[in-house]
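The values are calculated or read from the model by the stated rules, or taken from the named source; none is laboratory data. None of these values were measured; they are calculated from a predicted model. Cβ placement follows ideal geometry from the backbone for every residue including glycine, while neighbour counts extend to all protein chains displayed.
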C-alpha cells in the first residue's frame with residue numbers, strides 16, 4: 001500500500017515546491033542554499049531530490065519543506081497536503097502492527113540517512129581539499145620535487161567528483177546503500193586523512209557532540225519496498 005509520503009512525492013515537483021517556498025532555482029536547477037552562507041549556488045535539484053554540496057543537506061520534497069519550516073516530517077506533510085490541496089486523509093486509523101513496523105523502518109532509515117549525510121560531508125570536504133592541492137601544489141619547475149599530496153589529488157579528484165554526482169546527487173537509495181557498504185573502508189580512511197590534515201568536515205552531531213564515522217554503521221537494505229514506503 002502506497003503511503004501518504006510516497007503519494008506527495010509522486011504528485012509534486014520538488015523544484016516547483018522549492019520556488020513556492022522562496023528558493024530562487026535557476027534554469028540549471030541550482031540555487032543558493034538557504035541553510036548556510038552560499039556565495040555560489042551549491043544546492044542542486046535532480047530526480048525529485050535536492051542536495052547541497054556545501055553543507056550536505058539532502059532529501060525529498062517533504063524533507064525540503066521540513067527543513068525550511070523547521071517542522072517534523074508529519075507536520076510538513078500536513079502543511080503540504082493543505083497548501084497544495086491534495087486531499088489526503090492523514091487521520092485514518094492505523095493498526096498497532098503497522099505502527100510497530102513503520103517505527104522499525106523509520107529507525108533503520110534514520111540510521112541510513114545519518115550515514116549518507118556523514119559520508120557526504122566527508123567526501124565533500126575531501127573533494128575541496130583535493131581541488132585546493134591541485135591548484136596550490138602544482139610543480140612550477142621541472143626539477144621541483146613533486147608533493148605527494150599533488151599526486152594524490154591527480155589520482156582521486158575526478159573519482160570523488162564522480163561519486164558525489166552519480167551516487168549522492170543522482171543515485172537511488174539502493175545505489176547509495178550499495179556504495180556505502182562496498183566503499184565503507186575507503187570513506188573511513190578518507191575521514192582519517194581529513195583528521196590528519198586538520199580539516200574540519202562539519203561532523204554530524206548528536207546531543208553529546210561530534211560522531212566520527214567509525215561509530216556509524218551503514219545500512220544496506222534501503223531498496224526494499226517496505227522502506228521506500230515508510231511513513
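Below is a table of values for the structure above.
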| item | result |
| --- | --- |
| Flag if residue 87 is under 18 Å from residue 4 (Cβ atoms) and at pLDDT below 90 | yes |
| The range 1-30: number of residues that are free of Cβ contacts under 8 Å to residues at least 60 places away in the same chain and touching a helix residue (DSSP H, G or I) at 6+ places or on another chain (Cβ under 7 Å) | 6 |
| From the options 177, 203, 214, 220, residue that is within 18 Å of the chain's Cα centre (by Cα) and either part of a helix (DSSP H, G or I) or at pLDDT 90 or above (or both) | 177 |
| Unmet requirement for residue 29, which otherwise passes all of (1) on the phi > 0 side of the Ramachandran plot; (2) modelled with pLDDT under 90 | (2) |
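Conditions (1) out of contact with any helix residue (DSSP H, G or I) (no Cβ under 9 Å at 6 or more places or on another chain); (2) closer than 26 Å to residue 35 by Cα; (3) modelled with pLDDT of 60 or more, marked per residue:
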| residue | (1), (2), (3) |
| --- | --- |
| 167 | no, yes, yes |
| 173 | no, yes, yes |
| 189 | yes, no, yes |
| 225 | yes, no, no |
